[in-house]
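Below you'll find the structure, written out as structure tokens, and then a few comments.
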Amino acid sequence: MPKASFYHQPVLHLDCSGFAEIENCKKVLQYTEKEIQLDMGKQTLCIYGDGLVLTELAGKNLWLKGNIFQIEFRSIALQDKRS
Amino acid sequence: MHSLLTGKIYFYAEGASPEKLLNECRNQAVPLSHIKATKIGFEGCISTRHYPIFVRIAERYGCKVEMRKQKKPLLTADFFIKRWGRICGVLVMLWVIAGCNRLVWAIRFDGLNVVQQQEIRRQLYENGVCEGVWMDKETLSKAHQAIMQKGEYGWLTLNFYRGRLIVEKNDMIASPELEEKGVSDIYSTVDGMITEVKVTSGDILCFTGQQIAKGQLLVSGRYTDRDGKVLTTRSQGEIYAQVQCSYQATQPLEQTVQLAHSTEIQNTAVIAFGKRILLNTPNTTATDQIKEIQLPLTLFGFALPATLERQQITHTQPQTVTFTRQQALELAKMSCRNQLEREYPSALVQTEAVQTQVQEDGLVVNMTFTAIVQAGTETTVAE
């Protein structure tokens, strides 16, 4: 059996038709039509695209739809150093 | 589906920190959907129940919320107010489903073909069992006994549970008959010439080619063995003889017959909730042919606790039919052949001779048949 903390890890599900599901996201840092930044704990997830729509927002899970061009994972430690 | 019951509101939120508003909604378990970012805020959809909470959160974070469109839930008090029929309809339906367990809603068959299903359905109807009647053990038991008495089924069950009657059966397998003991002879039933002798037991007293007379002993059940001892047995077998028989038939050239000229189907009654409701009383005459049919009622494939009684009425009227000579001759010949078949069901016709007598208003036909028929009949004698 996996550890209890296994099911609380941030997870990103992505398909090639522009649909993404983000689990265990801590908070939304920025949201515009072309960019969304999410605090995933140890990393920041940045999704760039066009016409990004949050189809559902419930609890710690998000469902996102749109034309996704780029996904970036930024380490918070590195961001702090650079800043 | 959930939104049909709860209703939803499309809103537009603008303000200084829309992301904080989204995060606070998540923290307070306020579900949002179809969130689309705009230049200075976002628009989305929320359930009617959570909208007041969302507005309070938005005010706290300095966001202005504007309602764009509202879809009310399907089932609200307005749905029922001044429409008492809707509440009554729902209550009646609940009563029918929960309180009518003893009502026959549907009759289903397991392991029966279409013809057998129709036959059993008719037999059940004759014993007061059909869709729409109140069922009790006594009625079911009587119907079961009545159907079993006909002797067609070796095993039949009528299982009734919560409105559903399931019929299962097994066909009757005839048990072999025990051979009777005793002494019997075979006597001739015709005048003719023997063509074939197939005797399995008894003392054969005839032979192929022999001329026989009616009542002549052909096979004897008593015979003596080489020691002179008299033995008895049942005479069994088949003896065929060639016979000549004549029949006469008269066929008029004009005949009045009842011919069907139209058919109509009329729904006469509906049986529902144990009551028979008359719909229509069709006008029929003595010459009409009436066929009664019982059909279970369904609605879009769902069984209703009701049976429709229907009558198929074929109207006939007397009509004079004129035959040609040839048609009259054929009809008379067919009549003669029918007479032969009635007297000798297994006759094999070898030749037939026709004599026709023409009369003013018809034909008289005499036919003579030469046929092979079964000539012997077993007769029990005292030992």
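Laboratory data are not the source of any read-out in this text; all were calculated from the coordinates shown. Values in this document were obtained by computation on a predicted structure and should not be read as measured data. Glycine gets a Cβ as well: all are built from the backbone with ideal geometry, and neighbour counts include every protein chain shown.
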Among A:Asp39, A:Asp15, A:Asp50, which one shows the biggest mean-square fluctuation in a GNM of chain A, springs joining Cα atoms closer than 10 Å? A:Asp15
When the helices in chain B are scored as -39500 (n - 2.57) per DSSP H run of 4 or longer and the sum is shared across all residues, what 222 nm value do you end up with, to the nearest 500 deg cm²/dmol? -7000 deg cm²/dmol
Please check: in the Gaussian network model of chain B (C-alpha springs, under 10 Å), which one of B:Asp225, B:Asp110, B:Asp191 has the largest mean-square fluctuation. B:Asp225
Note down the relative contact order for the range B:255-320 as a percent, whole number, built from C-alpha pairs under 8 angstrom at least six residues apart. 48
Quick one: order B:Ser47, A:Ser17 by neighbouring beta-carbon count within 10 Å, fewest to most. A:Ser17, B:Ser47
Within chain A, what's the longest stretch lacking trypsin sites (Lys or Arg not before Pro) that sit in DSSP loops with no more than 12 other Cβ atoms inside 10 Å? A:43-83
Provide a whole-number value for the mean count of partner chain Cβ atoms within 10 Å of the Cβ atoms in peptide B:24-36. 5
Below 13 angstrom from the Cβ of B:Ile120, what's the summed charge of the other residues (Lys, Arg +1; Asp, Glu -1)? -1
When all Cα-Cα pair distances of the protein assembly as shown are considered, the percent exceeding 30 Å is 75
Work out, step by step, the length gained on full extension between B:Arg276 and B:Ala174: first 0.36 nm times the residue separation, then minus their alpha carbon distance; give nm to one decimal. 32.7 nm
Report, in whole Å, the centroid distance computed from the Cα atoms of the range B:111-186 and the range A:24-72. 71
Search the structure for amide H atoms under 5 Å from the amide H of B:Ala375, placed 1.01 Å from N in the peptide plane, and list their residues when 5 or more places away or on another chain. B:Ile239, B:Tyr240, B:Ala241
Over 22 Å between Cα atoms: which of A:Lys34/A:Lys65; A:Lys26/B:Lys20; A:Lys26/A:Lys65; A:Lys34/B:Lys71; B:Lys142/B:Lys275; A:Lys34/B:Lys20 fall into that group? A:Lys34/B:Lys71
Which of rounded, prolate, oblate describes the range B:163-265, given a ≥ b ≥ c as roots of the alpha-carbon gyration tensor eigenvalues and a/c under 1.5 marking rounded, otherwise prolate only if a/b is larger than b/c? oblate
If the only charges are +1 at each Lys and Arg Cβ and -1 at each Asp and Glu Cβ, what is the size of the charge dipole of chain B around the Cα centre, to the nearest 20 debye? 3900
Considering only B:Gln211, B:Gln326, B:Gln70, give the residue with the highest GNM mean-square fluctuation for chain B, with springs between Cα atoms whenever their separation is below 10 Å. B:Gln70
Out of all Cα-Cα pairs in the range B:214-372, roughly what percent, to the nearest whole number, are more than 29 Å apart? 59
Would you mind ranking B:Ile204, B:Ile147 so that the residue whose beta carbon has the fewest other beta carbons within 10 Å leads the list? B:Ile204, B:Ile147
Environment charge of B:Tyr187, counting only residues whose C-beta is closer than 12 Å and scoring Lys/Arg +1, Asp/Glu -1: -1
Treating the range A:11-82 as a set of equal point scatterers at the Cα positions, no solvent, please give the Debye-formula log₁₀ I(q)/I(0) at q = 0.12, 0.19 Å⁻¹. -0.28, -0.71
Please order B:Leu278, B:Leu103, B:Leu22 by the number of other Cβ within 10 Å, starting at the fewest. B:Leu278, B:Leu103, B:Leu22
Chymotrypsin sites (Phe, Trp or Tyr not before Pro) within the range B:274-331, DSSP loop, no more than 11 other Cβ atoms inside 10 Å: B:Phe300
Set the Förster radius R0 to 51 Å, insert the Cβ-Cβ distance between B:Gln211 and B:Val321 as r into 1/(1 + (r/R0)^6), and round the FRET efficiency to 0.05. 0.65
Need the list of lysines near B:Lys214 for cross-linking: C-alpha distance under 20 angstrom, and skip anything on the same chain fewer than eight residues off. B:Lys198
Report the charge-dipole magnitude of the protein assembly as shown in Debye, nearest 20, computed about the Cα centre from +1 at each Lys and Arg Cβ and -1 at each Asp and Glu Cβ. 4040
Going through the DSSP H helices of chain B, which span 15 Å or more along their own axis at the Cα atoms while scoring at least -0.5 as a mean Kyte-Doolittle hydropathy? B:84-99
When the Karplus curve 6.51 cos²θ - 1.76 cosθ + 1.60 is applied with θ = phi - 60°, which whole-Hz ³J(HN,Hα) does each residue of the range B:155-164 get, with x for Gly and Pro? 8, 9, 10, 10, 9, 10, 8, 6, x, 10
Quick one: if you take sqrt(5λ) for each eigenvalue of the C-alpha gyration tensor of the range B:173-215, what semi-axes come out, biggest first, whole angstrom? 27, 12, 11
Longest exposed-site-free window of chain B, the sites being trypsin sites (Lys or Arg not before Pro) in a DSSP loop that have at most 16 other C-beta atoms within 10 Å: B:230-383
Note, B:Cys245: beta-carbon cut-off 11 Å, +1 each Lys/Arg, -1 each Asp/Glu, net -3
Cα gyration tensor shape of chain B, rounded if a/c is under 1.5, else prolate or oblate by comparing a/b with b/c: prolate
